[in-house]
Structures are given as structure tokens and as C-alpha cells.
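K.L.:
Once you've had a glance at the structure underneath, I'll fire off some questions.
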Amino acid sequence: MAEIILVTALGLAAVALIMGLYRLLAGPCTVTRAIALDLLTLITIPLLVGAAVWAGRAVYVDVALVYGILAFLGVLALARYLEKGI
Amino acid sequence: MSSRLSSQKDVGSLLANWLGLLALWIIFVGTFDTQEVIAGAVVAALVSFMATGPNPARWQVVLSPRRLFTLLAYLGYLAVAIFRANLQMAAIVLSPELAIRPGIVRVRTRLKSPLGRLVLANSITLTPGTLSVDVEGDEFFIHWINVDSEDADDATRRIVSGFEHYLEIIFG
Amino acid sequence: MLPIIGALVVLVGAAFMVLAAIGIIRMPDPYNRIQAGTKASTLGVVLALIGLGIYEIDLLPKLIVIALFVLITNPLSSHALARAAHAAGVPLADETVRDELAAARAPKVIEEETAS
């Protein structure tokens, strides 16, 4: 029972991921794409943890943390570039 | 603290950083194994020594039981505010006609401490519906998804005052 | 019992993520997309992480650390993106009622031009 609910929830998160991907590809401006990228990285973090729980490997949780840190730095760098160039 | 000493590392924040990093290490390693803890202590000492600088007086927070209690109350208040704002945002997103009246408004804060202002700006941003775009002196420019007040005082009362009430005690 | 509660919390979080994704698609300009998109998903992500922690109780401490990290960094990146959008001159949507930041910026630009 719990597994079915969990898989449904992760599937819903994947649907959200695809909708965010549409906004990333459709644009219309660079800032919007950056926002969509931020949303995608944010949703990917719990999906990575979900993969860790699904595969029964706790190591994948560390991947989620490192991914979160790098994605945050990436979005900050992108915002800084958009604001005043490198 | 004199200007001669101001380039030296602040012992209090050095110790706090070291303890925080060590706690993080132990959570992620998941054991209290002696070797792991010793390795973590060495790495945490290196990182905190490299990362900690002088701690200017304006960033310091004085701890007291009343402030800690207010901090807990503030976290609860923030959680409720975030939850309520998320439900309102869900209603806006799902409504067919997309009822928004966005705009950037100017609000004023009474907080003096820079740390308090940082926490205030982050709290405003964390609540969906309001987003701090820029800060200038004691004025915040806030993108508000549903502008329903005409003057700055009313906007201040609606957006800022709830948080400020707690933050004034914590950082005041 | 605990796994079912955890899975339900994850489900609620995933529902908030879907709402955020709908928001990012429907909203008219970048500022409103930040409002409805990245920030509304914060609650979803935190709930999903906590729910997964309840489901797999061994992972709870690590997941609380990750949730705190998301809670601290997300407003920063939202704010950075909004500021970048305003500095890059991205126009606000037609529905916008007023823009006091542009009004505050405008006199300064004129001063700089006359000074140079």
C-alpha cells in the first residue's frame, strides 16, 4: 500500500518535471528559462532521494545534497551573469 | 574590538562553525566510529579556520532565553504563513481567469540589524505571493502578486509587520 | 503504519510541485513565474523530503539537513533571479498595477547621464 502511494507521488513529481521542461524549452526569455531551470533542479532533489529509497542505497542521498549545492551555485552564477555580465 | 584586532579571527564564531561542521559530518557519515569522528574533527577544523574571519559587532547576536523562545515562536509563525500563502497561491493558479494584480511596492522596515534585515527579506521571499526584488537602506522593494493597498504604510502593515514583531525581539 | 504516513506526506508534496509547475506555465511574466513556480515548490520539496524521511526512518537526519538547505538557499536564488530580471529590463506583465522600483531607479539614470 505504502509503496503504491510513494510511486504515485514520485510519478506526480515527474509530471511536474515534464511541465517545467516545457517552460524551459518554450522560453520566451532567458530569465524565464533560468527560472524553469531553478524549478527543475528543485524538483530533482526529492526525486533523487526517491531513487535512493527505491533502490535501497543510502549513498544516493549524498548525491542529492551535492546536486542541490551545485544547482544553487549554478543558478546564482546565471542570475549574476544576466544582471551585469561576467 | 580595536581596529588592530579586527583582522584576527573571532574565537566564538570559529568554535561555532567547527561544532556545526562536525555535527554535519557525523550526520552524513552516520556512525560514531572513532576514526570517522577524528577525521571529521580535523577536516572541520581546517575548513572553519579557512572560512572564518573577524566577526564585526553588527553581525553579533546576543543569546538570551527570551530570544530563543521568540525564535521558536517565529519559526512556527513562518511555517503557518508559508502554508497559508501556498494554499492561496494554489487557488490563484487553479482559478480559470487567473485573478492576479501584480505590482512592485515599496515598504519600510524598523529593523536596524543587518542580520535581522537579511532574515526579514528571506522570510518575505519564502512566503509565496511576496518576493523581495531589491533592498535600499531601510526600504524593501517587493513584488506583490495581489496589490490591494494604495499607500506604502498599508503595504508595510500587511507584508512586513507580522514578521517584524518577532524579529525586533530576536535581533533588536 | 509509518511508511503509509510518509508516503501520504510525499504525495501532498508532489501535489504542490505539480501546482507550482502549472503556475510556471500559466503566469504571464518572469516575476509571477518566480512567485508561482520556484517558491510554491519549496513547500512541496520540503514536504516530499520529510515524507521520504518518515518512510525510510534511517534517512531522516540527512533529509532534514537537505530540507533546511533548500529552505535557506531557495529565497536567495529567487531574489537573485528577480533582481537580475529587473536589472536586465525584463518588462512586467500588462496586468501589473504599478512599479515603484522603476520609479525609484529612473531619476538615478538621468543623474548618471548628466554627470558623465
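K.L.:
With point charges of +1 on the Cβ of Lys and Arg and -1 on the Cβ of Asp and Glu, referenced to the Cα centre of the protein assembly as shown, which listed residue (A:G27, B:G30, C:T73) lies farthest in the positive direction of the dipole?
P.N.:
Working it through, the farthest residue towards the positive pole turns out to be B:G30.
K.L.:
Would you mind getting the Kirkwood hydrodynamic radius of segment C:1-58 from its Cα pairs, rounded to one decimal in Å?
P.N.:
Details: mean 1/r = 0.0861 Å⁻¹.
Result for segment C:1-58, one decimal place: 11.6 Å.
K.L.:
At B:A39 and B:R67, where each label point lies 7 Å from the Cα along Cα→Cβ, what is the point-to-point distance in nanometres?
P.N.:
3.7 nm
K.L.:
Under 8 Å for C-alpha pairs, at least 6 residues apart: give me the relative contact order for chain B, rounded to a whole percent. Don't skip to the end; give the middle numbers.
P.N.:
Values: 179 pairs, mean separation 38.9, N = 172.
That works out to 23 percent.
K.L.:
For the pair A:V15/B:Q88, report the inter-label distance in nm, with labels modelled 7 Å from Cα in the Cβ direction.
P.N.:
Each label point is offset 7 Å from its Cα along the Cβ direction, giving 2.7 nm.
K.L.:
Continuing with this model, one more query. Once you charge only the Cβ atoms, +1 for Lys and Arg and -1 for Asp and Glu, what is the size of the charge dipole of the protein assembly as shown about its Cα centre, to the nearest 20 debye? Can you show the working numbers first?
P.N.:
Details: 27 positive and 29 negative charges, 97 e Å.
Computed charge dipole of the protein assembly as shown: roughly 460 debye.
K.L.:
Could you please tell me the mean projected area of the C-alpha convex hull for the protein assembly as shown, averaged over all directions and given in square nanometres to one decimal?
P.N.:
Numbers: hull surface 88.8 nm².
The Cα convex hull of the protein assembly as shown, projected and averaged over all directions, gives 22.2 nm².
K.L.:
Give me the percent of Cα-Cα pairs in segment A:43-86 that sit more than 13 Å apart, rounded to a whole number.
P.N.:
Numbers: 544 of 946 pairs.
So the portion of pairs separated by more than 13 Å is 58 percent.
K.L.:
A further question follows. Based solely on its DSSP helices, what 222 nm [θ] is calculated for chain B when runs of n ≥ 4 H residues each add -39,500 (n - 2.57) and the sum is averaged over all residues, nearest 500 deg cm²/dmol? Let's see the in-between values first.
P.N.:
Details: 6 runs with 99 residues, N = 172.
Per the formula, -19000 deg cm²/dmol.
K.L.:
Next question, about the same structure. Determine the relative contact order of chain A: mean sequence separation of Cα pairs under 8 Å and six or more apart, normalised by residue count, in whole percent. Kindly include the intermediate steps, with their values, before the conclusion.
P.N.:
On the way: 53 pairs, mean separation 20.6, N = 86.
This gives 24 percent for chain A.
K.L.:
Calculate the spin-label point distance for B:E97 paired with B:V80, positioning each point 7 Å from the Cα along the beta-carbon direction, and give it in nanometres.
P.N.:
For the pair B:V80/B:E97, the computed spacing is 3.2 nm.
K.L.:
Dimensions of chain A along principal axes (Cα, Å, largest first)?
P.N.:
Result, largest extent first: 50, 26, 12 Å.
K.L.:
Taking 2.2 N^0.38 Å as the expected size of a compact globular protein, what ratio does the Cα radius of gyration of segment B:65-171 give against it, to two decimals? Write down the numbers at each step before the final one.
P.N.:
Details: Rg = 14.3 Å, N = 107, 2.2 N^0.38 = 13.0 Å.
Ratio of Cα Rg to 2.2 N^0.38 Å: 1.10.
K.L.:
Checking understanding here: applying a Kyte-Doolittle mean of at least 0.0 and a length along the axis of at least 24 Å (C-alpha), which whole DSSP H helices in chain B pass?
P.N.:
On the way: long enough: B:11-29 (27 Å, 2.09); B:34-51 (25 Å, 1.66); B:65-94 (44 Å, 1.22).
The answer, listed by residue number, is B:11-29, B:34-51, B:65-94.
Each value in this text was obtained by applying a stated rule to the coordinates, not by laboratory testing. Here the structure is a predicted model, which is why all the values come from computation and not from measurement. All Cβ positions, glycine included, derive from the backbone under ideal geometry; neighbour counts span all protein chains shown.
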